[in-house]
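Chemist: Dropping the structure in here first, questions after.
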Amino acid sequence: MNVALGTYYAWSVFVPALEREFGWTRPQTSLVPTIDMVMVASMFLVAGFLQRRMGPRPIATIGGLLYTTGLLLASWTHSLPTLYLTWGVMVGAGIGFGYLVPITVGSKWFPHHRGLVNGLAIGIFAAGSGIFGPLAGMLLERIGWRETFQVLSGVFFVFTMAGAYLLKDPPPGYDAPARKSKSAGRHGAQHHVDVPTPQVLRSPVFLALWAAYALGTTAGTMVISQLVPFARSAGLGAKTAAFAITIGAIGSASGRFFSGWLSDHLGRLHTLRAVIVTSLIATPMLYVWREDLLAFYVLLFFVYYCYGTQLSVYVALAGDFWGTKYLATNYGLLLLAWGFAGILGPMLGARVFVSTGAYQYAFFGSAGLACAALVILSIVRAPQSARDRGAEAPSAPDPMVRLYR
């Protein structure tokens, strides 16, 4: 399911061909991933409400159908509004519905290994562009972008329908596998009472995490939306620039998987703070050393690694803080921060490039936003566990507005 949905990260492969054929500008084409991200974040929340009533399989099926139909219809586009409606609205909505299910289902099957299982699911999502991005680049040169969209649509229809069929929640009374070592989780996941979404929304710590999530992922969304054009402006050839997508996908998938697992042992907030520090250093350095191929690839890996880590660890953090019963809607609200970054990042990159003819201020500005995210995460503290507070029912007062460790 996720390897198909994650291929939308390879959008920048198609940007040069579309701009040549239609004469569209960089801000115009950059609006496509922005629409995608806004739709993913908003439809994730809608799908969360529906999944509690319909179950995971119908939601995943809807997501796969929207995603593949959007790709197919995009192959016949001749105008920007059509492209925005198909690759933007339909593809983004499909990802929002489909992306939700593996995360929430996995968290229910493995609540004691939430960082690892979310890292696997979201890491595979990031790997999609690394697997199919180079393939899309080769098809683009041989058969054109329209036919490439059609081929990918057919392949991804099979992938998403198979994934949807296999996804289901655990049966009632399911006993999840426990950790092998009690000491292994000493600094890892903390399991709390299930907190309903309205209470989470009123929590001051939720607002702080929302702001940190938005600011911390802006660097990643900016680089993702501009990667191939940025690489070409640095003097890299078409194939070398396309391979940068694979490097980025490896970095993002590694961050989602490895940091997700690491956060089970070192703690979610410690892991997030570490990657934010790395991001605010690596992002401006990526611009400074953009003409050195080896340095370019290494720094690109770390920028994507930090971006991917946040998408993985924030999911697990939401489960730790507010439980898994309402995870679909609680994390859906938190994911809107990523949707905001999906607006800010591409807009920042495109506008700066048009205004100055270079990406310098976009990269350094993203590092400044990451620094603000670090300040916020430095003052956030995890809530005390329900057991420590004597809470026994989901209707207990919001743990985020009372005691802190």
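The values are calculated or read from the model by the stated rules, or taken from the named source; none is laboratory data. Not measured: the values here are computed from a predicted model. Because the Cβ atoms are built from the backbone with ideal geometry, glycine has one as well, and the counts that use them run over all protein chains shown. Accessible surface is based on the protein model in full, side chains and every heavy atom, while ligands, DNA and RNA are left aside. Shrake-Rupley method; radii C 1.70, N 1.55, O 1.52, S 1.80 Å.
Chemist: Relative contact order for the stretch 5-163 using alpha-carbon pairs under 8 Å, separation at least 6, rounded to a whole percent?
Modeler: 37
Chemist: Oh, and also: Grab the chain and count how many Lys pairs have their alpha-carbon atoms under 23 Å apart, sequence gap of 8 or more, or different chains.
Modeler: Details: Lys108/Lys168; Lys108/Lys180; Lys108/Lys182; Lys108/Lys325; Lys168/Lys325.
Final tally of qualifying lysine pairs is 5.
Chemist: Could you check how much of the accessible area of the chain is carbon and sulfur, as a whole percent, using a 1.4 Å probe?
Modeler: Numbers: 10520 of 15610 Å².
Looking at the chain in its full context, I get 67 percent from C and S.
Chemist: Also, I was wondering about something else. Would you check the accessible area of Leu166, probe 1.4 Å, heavy atoms only, in square angstrom rounded to 10?
Modeler: The accessible area of Leu166 comes to roughly 130 Å².
Chemist: Can you give the accessible area of Glu291, probe radius 1.4 Å, in Å² rounded to 10?
Modeler: Number for this one is 140 Å².
Chemist: Also, quick follow-up: With θ set to phi - 60°, apply the Karplus curve 6.51 cos²θ - 1.76 cosθ + 1.60 along the stretch 127-141 and write out the HN-Hα couplings as whole Hz, x wherever there is a Gly or Pro.
Modeler: Computed from phi, the couplings for the stretch 127-141 are 5, x, 5, x, 7, 9, x, x, 4, 5, x, 5, 5, 4, 6 Hz.
Chemist: Moving on to the next point. Projected onto the charge dipole of the stretch 255-328 (+1 at Lys/Arg Cβ, -1 at Asp/Glu Cβ, origin at the Cα centre), which of Ala274, Gln310, Gly323 gives the Cα projection farthest towards the positive end?
Modeler: Going by the charge dipole, the pick is Gly323.
Chemist: Whenever you get a sec, line up Phe257, Phe206 from highest to lowest accessible area (probe 1.4 Å, protein heavy atoms).
Modeler: Numbers: Phe257 85, Phe206 5 Å².
Correct descending sequence by accessible area is Phe257, Phe206.
Chemist: May I pose another question? Does the stretch 74-144 come out rounded, prolate or oblate, given a ≥ b ≥ c as the square roots of the eigenvalues of its C-alpha gyration tensor, rounded meaning a/c under 1.5 and, failing that, prolate meaning a/b above b/c?
Modeler: Verdict is oblate for the stretch 74-144.
Chemist: Probe of 1.4 angstrom, ligands and nucleic acids ignored: what's the accessible area per residue over the chain, in square angstrom?
Modeler: 39
Chemist: Choose one of Gly119, Thr68, Gly23: the residue whose Cα lies farthest towards the positive end of the charge dipole of the chain (beta-carbon charges +1 Lys, Arg; -1 Asp, Glu; about the Cα centre).
Modeler: Gly119
Chemist: Roughly how tilted is helix 26-54, in degrees to the nearest 10 and between 0 and 90, from the longest Cα axis of the chain?
Modeler: 30
Chemist: Ordering Lys239, Lys108 from largest to smallest accessible area (1.4 angstrom probe), what's the sequence? Don't skip to the end; give the middle numbers.
Modeler: Numbers: Lys239 155, Lys108 70 Å².
From most exposed to least exposed: Lys239, Lys108.
Chemist: Right, another one. From the protein chains alone at 1.4 Å, what is the descending order of accessible area for Tyr297, Tyr174, largest first?
Modeler: Values: Tyr297 40, Tyr174 75 Å².
Ranking Tyr297, Tyr174 by accessible area, largest first, yields Tyr174, Tyr297.
Chemist: Something else about it: Asp194: accessible area at probe 1.4 Å, nearest 10 Å²?
Modeler: 40
Chemist: Moving to a separate point now. Starting from the Cα of Val298, step 7 Å toward the Cβ, then list every residue of the stretch 243-278 with an amide N under 17 Å from that point.
Modeler: 247-248, 251, 278
Chemist: Out of residues 5 or more away from Lys325 or on other chains, whose amide H comes under 5 Å of its own, with H placed 1.01 Å from N in the peptide plane?
Modeler: Excluding prolines and chain starts, which carry no amide H, there are no hits.
Chemist: So, one more: Quick check on packing: order 17-23, 88-94 by the mean number of other C-beta atoms within 10 Å, highest mean leading.
Modeler: Order by mean packing, descending: 88-94, 17-23.
Chemist: Another one. Tell me, what HN-Hα J-couplings in whole Hz come from the Karplus equation 6.51 cos²θ - 1.76 cosθ + 1.60 at θ = phi - 60° for each residue of the stretch 214-231, using x for Gly and Pro?
Modeler: Values, residue by residue: 5, 5, x, 8, 4, 4, x, 5, 5, 5, 4, 5, 10, 4, 5, x, 5, 4 Hz.
Chemist: Using just the helices of the chain, give the 222 nm mean residue ellipticity in deg cm²/dmol: DSSP H runs with n ≥ 4 each add -39,500 (n - 2.57), and the total is spread over all residues, rounded to 500.
Modeler: Dividing the helical sum by the residues of the chain leaves -25000 deg cm²/dmol.
Chemist: Please work out whether the stretch 1-146 counts as rounded, prolate or oblate from its C-alpha gyration tensor, where a ≥ b ≥ c are the square roots of the eigenvalues and a/c under 1.5 means rounded, while otherwise a/b larger than b/c means prolate and anything else oblate?
Modeler: It is prolate, given that a/c is not under 1.5 and a/b is the larger ratio.
Chemist: Which one of Gly267, Gly216, Gly98 has the biggest mean-square fluctuation once the chain is modelled by GNM with Cα springs under 10 Å?
Modeler: Gly267
Chemist: Below 8 Å between Cα atoms, with a sequence gap of 6+, how large is the relative contact order for the chain in percent? Kindly include the intermediate steps, with their values, before the conclusion.
Modeler: Details: 765 pairs, mean separation 107.6, N = 405.
It rounds to 27 percent for the chain.
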